[in-house]
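Single-structure report; data block below.
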Amino acid sequence: MAHYFKSVLTVLAARGLQAIIVAVIVGIVSFAMMQALPGDAAFRIAAGRYGYDMMDAAAAEAVRLELGLDAPWFVQLWGWLGQLAQFDLGNSLVYGTPVVDEIATQLGYSLLLAGGAIVASLMIALPMGVATGLNPDSLLDRICMGLSVFLRAVPAFALGVVLVLVFAVQLKLFPVAGFRGIENLILPSFTLGIGLAAVSNRVVRDAVVDAMNSDWQLFARTKGLSARLTLARHVLRNAALPVVTYVGVQLAYLIEGVVIVETVFAWPGIGHALVHAIFGRDIAMVQGTALTLGLLYVALNLCVDLACRGIDPRERAV
Amino acid sequence: MSSSIVVKALSVFAGAERLMGPVSFQVNPGGTLVVMGETGAGKSLIAQAILGTLPAALRAEGEIYINANRADQLSPVERAKLWGRDIATLPQEPWRALDPLMRSFGQVTEAHRLVARLSPREANKATQKAFETLSLTGAEQRLPSALSGGMAQRVAFAAATAANAPILLADEPTKGLDAERHSKVIDLLAEVPQAGGTLLAITHEASVARRLGGMMLVLREGTLVEQGQTTKILNAPTDSYTQSLLDADPLNWPVSTPSSLGDTVLTVKDLSVARGHKTLFQGFNLDLREGEKLALTGPSGIGKTTLLDALAGLLKPQSGTVLRDPSLSRHGIQKLYQDPPAAFPDRISLSRTLKDVARLHRTDWNEVLHHLEQLGISPALLNRRPDEVSGGELQRISIARALTVKPKILLADEPTSRLDPITQRETLAMLAGIAAKNQIAIVLVTHDQNIAQKWADRTISLTAAPESTE
Amino acid sequence: MQQTNTIPSTHAQTKQTKQPLAKVLGFALVAGLAIAAIGGPGLIGVDPAKQSLLATLSPPSLAHPLGTDHLGRDMAARLLSGAQLSLSLALLSVLTAGLPGTILGVTSAWFGGWTDRILGAFADAVLAMPGLLLVLMLAAIAPGSWWTLYAGISLTLWVEYFRYTRQRARIVLADPSVEASRLLGLGPLLLVRRHLIPEIGPGLLTIAAFGAATAVTAVAALGFVNVGVRPPTAEWGVMMTELLPYWREAPFLILQPVACLVITVLALHLSVGGLRRS
């Protein structure tokens, strides 16, 4: 058991370091964005902090002094990152509200969409992958292969547009955009889920094929276990390992997809907010939303790491 | 009493091509049948045909009876019901036959519970007992990756025989095990007929056949060449192929003629070698002379390969010196490897590889061809890539490649352990001939004491740190 | 000695000359797209920016083989112009990501130690975030400009080459065959030519094709959400956004850039064998 906790601690430490790297990168790029903006930085930051209504030249001067905006850029960067380290994300430059409050409401929507996408992808990929994996090189296998290659080539936003045109506008089965209820979740979830499943169903298939062709599968059979028992006791567990690992690989696609698909469906989540903020040059919001998405990515990766450890005893003590 | 296995005119086909057969035999309870032949002789096909696990592309013809019931006409599902209950199977590579994610106790106890239909408590007790009899105590909670080869073989044995099937099929049960574990597995198998069971063992080693006794089949490229009592065949084979198989057993090799020794080419003084922070052995001394045939033996994991690396100058010794004679050029030490395909760049043709070396050392290409001819390699083979020639051929090509740089010392790291016995014998004989002809010193690492005794001028047995002698 | 000849060299010279159909199709499509991209709107001699407010959303005709958009601009010319933009950016990013990525990967595997650790840490830092997120943020420094987009894509894509090369090169260099070659006196140049290039070349080609597809998708995705290239530039993602409001009047228009994008990505994937086991 002690070994188990030690290995979990290693995972936590690695992911913690990753989280710090994410924060530093987001901070640096946001700072560069700020520097690249035309006009007076002190003015904008003051506006960011206190809102446009509450600020004047004096406030801007105070900010200039406080942040040392006359100082060389690297001193300023240090101060910028220092603020980030204190979880001070500032106020939206457009709305004047604290960035943290905005994100708090958006995060729930994004998590809902991410969760829906994973569920949708598993609903497609697992049955498809197991069925083709148990019948490799069958007609079904070849059809699924072709479908996977094709769907993999369709970018999420293009798929989203097509799904909207067909199911929402033409057939009127689902709402077009926005969020009023759970029915809004279905189209964006499947837009992302289909993209994820296009690859992961092949991963499931290959994992099942490998397991079925393994020496240990044959030995489990020849020692007397039935096909069904062998599948349940040995094959599925071994096949699950690469599949869960692959979910980890797909997380990057998932987060990227959330950003784009939220925009397509006007989904009130963080990704939509990020795109909106970039367009409106609301740097405080860009920083806050990008940071949250980056940390969400780290957190989901952590979940996958721990799930792998749950399945694979080799990662624990032997 | 009826026979356990009766096989009548069994053949295995791939399409219209006959891969194996026809063979006929019967084995009675308490009896043993040994199937002997080289790799690729179709031995495993017999076991697969009896079990019904032939690959889908292959087809068996003939009649198979198991415990007096016709087995070859059963449906796959009916046939699978014999597994574990009527026939137990000991797998070829036990490591790969165990579920990598399940602890060894679980893999055995599930057979007691789900195949022998014991209650969970009885199953646990039976498993515990099996672990004790097989001296596996302490390994219950280990995963296959943490088991040694011998332990994995015994865990597989316990799982396979949990439901007390009267027939045991063992396909190359000693593959990959060193001498000591070798004999333990054979003891285990020999107990099966003594207890009234039936044993069908497949092997390429005459020594295994000798110890198991019973009846015997000898296969060559799928064709039966000899059949009868094991001891009779082994003592007086009627077929020339069987004879050459027996001659290939190192035990039956003639003792090689002593080499004529030249000057000292390598002097090793008080050498210690470490892997990581662990000292493998210390105080190793060696005085290697031109034309000498030296064998290095020792149990696996002792550091034989690491020692070769130190001799070749690939590894910095922990302490001590490896002194090359000034006459030894920079490329004067060459190596032969255990796995011939791994020793060649695998995506380019063999002639490309050999020509590179010849060009670098300004060796005339005709000289390379001459070496190849002496080693029995046709130049046409060189147009192929390493994975397109056999292991034996490739090992000989690698000898030719080494000769291209005119070395004084050849370090051979188990160069024949992946080869068939006949090929092994030929390859080592050629190596000896080359040592004599070119006055090259050869250091042969082997785990086989018999090879060392018969082949080398002298043998150094490595023992674990701290001591090791000349 | 005669006995040896009875052990056959089972694998005769069966060099695979036959390529799978999908690969051939992919290559043909890529070649076609390359011609379209090199020629650009010049191929049909129409200015992609020329508006004609009298002929908006017109269906295909002789004058406009693929119709016109909401501003009366020729669709075919705009799609060709978009191909030019996307594919040249993709090719550029394959080069600027692939060369340093591969060279650094080999360097890392060859020298090991601190070189390897520092380069590895740098790669990990880039991988700490999803690639597109990084591209998005970099694009936000100067929205609408193609060079931040290009820099962002290259910066995220080089890691693929680096990681693949480093991992494969490590395995290859640790192989007994490399040790044997070193003992036989082969220098670094020959080791690279005989051992490394044949071993990692095919894999790099696959990464390059998939990387190019990623770049094309990223450009379109960012254009589509209005943070990449901006109107009036003819870019497939931008065109989709522009034409989305008119899907009812002219559904065939919005589907054109979608089809171009899908065909390009599909062609690149197929040219290296599609979805074979990665």
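In region A:131-150, the residues whose accessible area drops by at least 10 square angstrom when the other protein chains are added to the isolated chain are A:145, A:149, A:150; the probe is 1.4 Å and only protein heavy atoms count. In this assembly, the A-C interface accounts for approximately 3800 Å² of buried accessible surface in total, computed with a 1.4 Å probe and without ligands, DNA or RNA.
Considering only beta bridges that DSSP places wholly inside the protein assembly as shown, some 50 percent are antiparallel.
For region B:1-132, averaging the sequence separation of C-alpha pairs within contact (under 8 Å, six or more residues apart) and dividing by the residue count gives a relative contact order of 22 percent. Taking 0.36 nm per residue of sequence separation and removing the Cα-Cα distance, the residue A:35/residue A:173 pair yields an extension gain of 45.0 nm. Across all directions, the average flat footprint of the convex hull enclosing the Cα atoms of region B:161-231 is 5.4 nm². Report for chain B the percent antiparallel among DSSP-assigned beta bridges with both residues inside it, nearest 5. Roughly 50 percent of the beta bridges in chain B run antiparallel, per DSSP.
Taking all Cα-Cα distances within region C:129-278, those exceeding 21 Å account for 58%. Averaged over peptide C:236-245, the number of partner chain Cβ atoms lying within 10 Å of each residue's Cβ comes to 2. Leaving out ligands, DNA and RNA, what percent of the accessible area of region C:174-278 is carbon and sulfur, probe 1.4 Å? Carbon plus sulfur share of accessible area: 67 percent. Relative to the dominant Cα principal axis of chain C, helix C:21-39 is inclined by about 50°. Taking the square roots of five times each eigenvalue of the Cα gyration tensor of region C:130-186, the equivalent ellipsoid has semi-axes of 41, 10, 5 Å, listed largest first. With contributions of -39500 (n - 2.57) from each DSSP H run of at least four residues, the per-residue ellipticity at 222 nm computed over chain A stands at -25500 deg cm²/dmol. Structural size metrics of region B:270-348, computed from C-alpha coordinates, are Rg and Dmax of 14.1, 42 Å. Principal axis analysis of the Cα atoms in region B:59-122 yields extents of 40, 29, 17 Å, listed in decreasing size.
Taking only the Cα atoms of region C:83-174, the ratio Rg/Rh comes out at 1.05, with Rh defined as the Kirkwood radius. Dividing the mean sequence gap of close Cα pairs (under 8 Å, 6+ apart) by how many residues chain C holds gives a relative contact order of 25 percent. Taking a ≥ b ≥ c as the square roots of the eigenvalues of the Cα gyration tensor, region C:35-102 is prolate, since a/c reaches 1.5 or more and a/b is larger than b/c.
In summary, the helical segments of chain A meeting the span-like criteria, namely a full DSSP H run, a Cα extent along the axis of 27 angstrom or more and a mean Kyte-Doolittle hydropathy of at least 1.0, are A:2-36, A:99-134, A:236-264, A:283-311.
Which percent of the accessible area of region A:178-318 is formed by carbon and sulfur heavy atoms (probe 1.4 angstrom)? Result for region A:178-318: 64 percent of the exposed heavy-atom area is carbon or sulfur. What a 1.4 Å probe finds exposed on region B:114-256 is 50% carbon and sulfur by accessible area, rounded to a whole percent.
For a paramagnetic label modelled on residue B:74 (point 7 Å from Cα along Cα→Cβ), amide N atoms under 18 Å away belong, within region A:205-230, to A:218-230.
The calculated Kirkwood hydrodynamic radius for the protein assembly as shown is 33.9 Å, given to one decimal from all distinct C-alpha pairs.
Buried surface for the B/C pair, taken as the accessible area of each chain alone minus that of the pair with a 1.4 Å probe, is close to 2900 Å² in total. The three principal axes of the C-alpha atoms in region B:1-89 carry coordinate ranges of 36, 29, 21 Å, sorted with the longest axis first. Interface residues of region C:109-130, defined as those losing at least 20 Å² of solvent-accessible heavy-atom surface relative to the isolated chain (probe radius 1.4 Å), are listed as C:125, C:128, C:129, C:130. What the Cβ-Cβ distance of residue C:174 and residue B:278 gives, at R0 = 30 Å and to the nearest 0.05, is a FRET efficiency of 0.90. Across chain B, the mean sequence separation of Cα contacts (distance under 8 Å, 6 or more residues apart), normalised by length, yields a relative contact order of 16 percent. Legend: calculated FRET efficiency, residue B:140 to residue C:70, from the Cβ-Cβ distance at R0 = 51 Å, rounded to 0.05, equals 0.10. Across peptide B:113-119, the average count of Cβ atoms from other chains found within 10 Å of a residue's Cβ is 2. Any chance you could tell me what percent of the C-alpha pair distances in region B:216-368 go past 19 Å? Roughly 72 percent, once rounded to a whole number. Over all pairs of different C-alpha atoms, region A:106-227 has a mean inverse distance whose reciprocal, the Kirkwood radius, equals 16.1 Å. Rg/Rh, computed from the Cα trace of region B:103-158 with Rh as the Kirkwood radius, has the value 0.95.
Highest average first, the peptides C:24-30, B:104-110, B:251-257, C:67-73 ordered by how many other beta carbon atoms sit within 10 Å of their residues are B:104-110, C:67-73, C:24-30, B:251-257. The shape of chain B comes out prolate: with a ≥ b ≥ c from the C-alpha gyration tensor, a/c is at least 1.5 and a/b beats b/c.
Averaged over its residues, the protein assembly as shown has an accessible area of 43 Å² per residue, based on protein heavy atoms and a 1.4 Å probe. Principal-axis analysis of the Cα atoms of chain C puts helix C:251-271 at an angle of about 10° to the longest axis.
The calculated 222 nm mean residue ellipticity attributable to helices in chain C amounts to -22000 deg cm²/dmol, summing -39500 (n - 2.57) over DSSP H runs of n ≥ 4 and dividing by all residues. Summed over both chains, the contact between B and A buries some 2200 Å² of accessible surface at a probe radius of 1.4 Å. Over chain B, DSSP H runs of length four or greater, each weighted -39,500 (n - 2.57), average out per residue to a 222 nm ellipticity of -10000 deg cm²/dmol. The contact residues of region C:155-183, meaning those that lose at least 30 Å² of 1.4 Å-probe accessible area when all protein chains sit together rather than their chain alone, are C:176, C:177, C:179, C:180, C:183. Separation of region B:392-447 and region B:221-240, taken as the distance between their Cα centroids, equals 30 angstrom. Calculated over region B:369-470, the projected area of the Cα convex hull averaged across directions stands at 7.5 nm². Seen from a random direction on average, the alpha-carbon convex hull of region B:296-407 projects onto 8.5 square nanometres.
The residue B:383 and residue C:167 beta-carbon pair, evaluated with R₀ = 30 Å, returns a calculated FRET efficiency of approximately 0.40. Take the Cα radius of gyration of region C:66-125 and divide it by 2.2 N^0.38 Å, N being the number of residues; the result is 1.97. Using the alpha-carbon positions of chain C, Rg (one decimal) and Dmax (whole number) come out as 23.7, 90 Å.
The values are calculated or read from the model by the stated rules, or taken from the named source; none is laboratory data. Worth saying up front: this structure is predicted, and the values here are computed from it rather than measured. With ideal geometry, Cβ positions are generated from the backbone for all residues, glycine too; neighbour counts draw on all protein chains shown. Accessible surface is based on the protein model in full, side chains and every heavy atom, while ligands, DNA and RNA are left aside. Shrake-Rupley method; radii C 1.70, N 1.55, O 1.52, S 1.80 Å.
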